[in-house]
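The values are calculated or read from the model by the stated rules, or taken from the named source; none is laboratory data. As the structure is a computational prediction, the values presented were derived from the model and not from experiment. Heads up, the Cβs are rebuilt from the backbone with ideal geometry, glycines too, and the neighbour counts pull from every protein chain shown.
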Amino acid sequence: MARGTIAVKGAVPDAAPFASLALQAVTERLDGGADHCVLDLGPGIGVNIEFCLRIASHVQVADLYDALSTSMLGACSQGSERACCPVFPELLPAPPGRRADLVLAWTLLDYIDQDDLPRLAQHLRAIGAPGLLMHALVSTRTRIPRLPTLFRIEPHGLLALPRTDEECEGPRQGQVRLLERLPGFRVVRSVLLRNGLQEYLFALK
Amino acid sequence: MFKRSEKGDMRDTNTSTASNIDRSIQEPRVHATIGSTIHIKGDVSGDENLTIDGTVEGTIAVRQHSLQVGKNGRLQADVHAKVIRIEGHVDGNLHAEEQVVIRASGVVRGNIVSPRLTMEDGCSFKGSVDMEGRGERKAVTPDKPATASDASQPERIAAAS
């Protein structure tokens, strides 16, 4: 596995964070409350974990992008197409002795196979606390970056760190279609951002 | 033969040297190193600071001292220490009494239990973080917005239907 610090392709030096009303709402809901648990489905980024630790005492970094890629690449190499179906209980184990209060999905919903979304939703229902919140960024454009953009939670919002200029076709999911594929979830907040991303805050019904 | 000490008094350097030698014999070393060519399978425990540049599979316990995993260090081990600093690769759970520091070159796959956590940009982490002592918890990350973790290089997982 290649690793190390990389210069982020396409990142302009003066790129500014964009406001995230959904994350602000999450902070207001969870800050200062009970002992919360956060699942970060993206890769572990220090400032994001720092943010999570302000509102939760337990943070689980799943790096599901990597886990799914690895899982599916391994399965696909054996020639079985359906074996590519990710096994979410293995990829995203339940936090020990806890139930998740918040899921940071970032742009995962654009990159996961659409047929797998209901399975992901089912697993999140199983490991989530009542009222589980899920933050997600979904592209409204027909083309999306080939590699999922990383995001840093900055003091004044989210800072996008695109990693490639290459693009591919995106699923361009609307809210209705998303909710069909995420049974059990409802939309708490939805904001269309200037960068073409629709920011969602979902909650378990 | 004589020189002025920091306190300004005169001291017999020979006596002082001899005293230091005696002390070094009597007192335990304050730092141990497992070199880059060393491979240990089993449990490592001790009562002094430890630096690992080699490979350890098993458990490591230096509960009242610090553990540093150098850039060449490879652990497949659960670790108990007062302070844990990671520059190399760790596959295992980290339990720190005071702090865990994951440097930019560090790769950690496992669960962290510590009241303080520092993760530098560029490090790779997958697992969970439990902050013991909610009132004291603190995570610090240097601000380097032009870099990002390249732990996974995730590709598009599947084509949209």
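For region A:145-165, the candidate set comprises residues that are under 15 Å from the mean Cα position of the chain (by Cα) and either at the interface with chain B (Cβ under 8 Å from one of its Cβ atoms) or among the β-branched types (Val, Ile, Thr) (or both); within that set, the residue that is surrounded by the fewest Cβ atoms within 10 Å (Cβ to Cβ) is A:Leu159. Quickly run through region A:16-48 and pick out the residues that are aliphatic (A, V, I, L, M), within 11 Å of chain B (Cβ to nearest Cβ) and more than 15 Å from A:Ala100 (Cα to Cα). Matches in region A:16-48: A:Ala16, A:Ile45, A:Val47. Consider region B:121-138 and keep the residues that are over 15 Å from A:Arg98 (Cβ atoms) and at pLDDT 90 or above. The one that is farthest from the other protein chains (Cβ to nearest Cβ) is B:Cys123.
Scanning region A:129-140 for residues that are farther than 18 Å from A:Asp40 by Cβ, surrounded by 13 or more Cβ atoms within 10 Å (Cβ to Cβ) and either β-branched (Val, Ile, Thr) or more than 11 Å from chain B (Cβ to nearest Cβ) (or both) yields one hit, A:Thr140. Counting only strands (runs of 3 or more DSSP E) that fall entirely inside region B:71-116 and contain at least 3 residues that are away from chain A (no Cβ under 11 Å) and buried (at least 23 other Cβ atoms within 10 Å of the Cβ), the qualifying elements are B:74-86, B:94-102. Scanning region A:15-49 for residues that are assigned to a helix (DSSP H, G or I), free of Cβ contacts under 8 Å to residues at least 24 places away in the same chain and surrounded by fewer than 21 Cβ atoms within 10 Å (Cβ to Cβ) yields A:Gln24, A:Glu28. I'd like the full set of residues that are of a type in the set (A, V, I, L, M) and either assigned to a loop (DSSP other than H, G, I, E, B) or over 18 Å from B:Gln99 (Cα atoms) (or both), limited to region B:31-65. Correct list: B:Ala32, B:Ile34, B:Ile38, B:Ile40, B:Val44, B:Val56.
Only residues that are in contact (Cβ under 8 Å) with a residue 40 or more places away in the chain and either farther than 29 Å from A:Pro130 by Cβ or not hydrophobic (A, V, I, L, M, F, W, C) (or both) were counted in region A:156-190, giving 16.
Go through region A:99-123 and count every residue that is within 14 Å of chain B (Cβ to nearest Cβ), farther than 24 Å from A:Arg152 by Cα and in a helix (DSSP H, G or I). Result for region A:99-123: 6.
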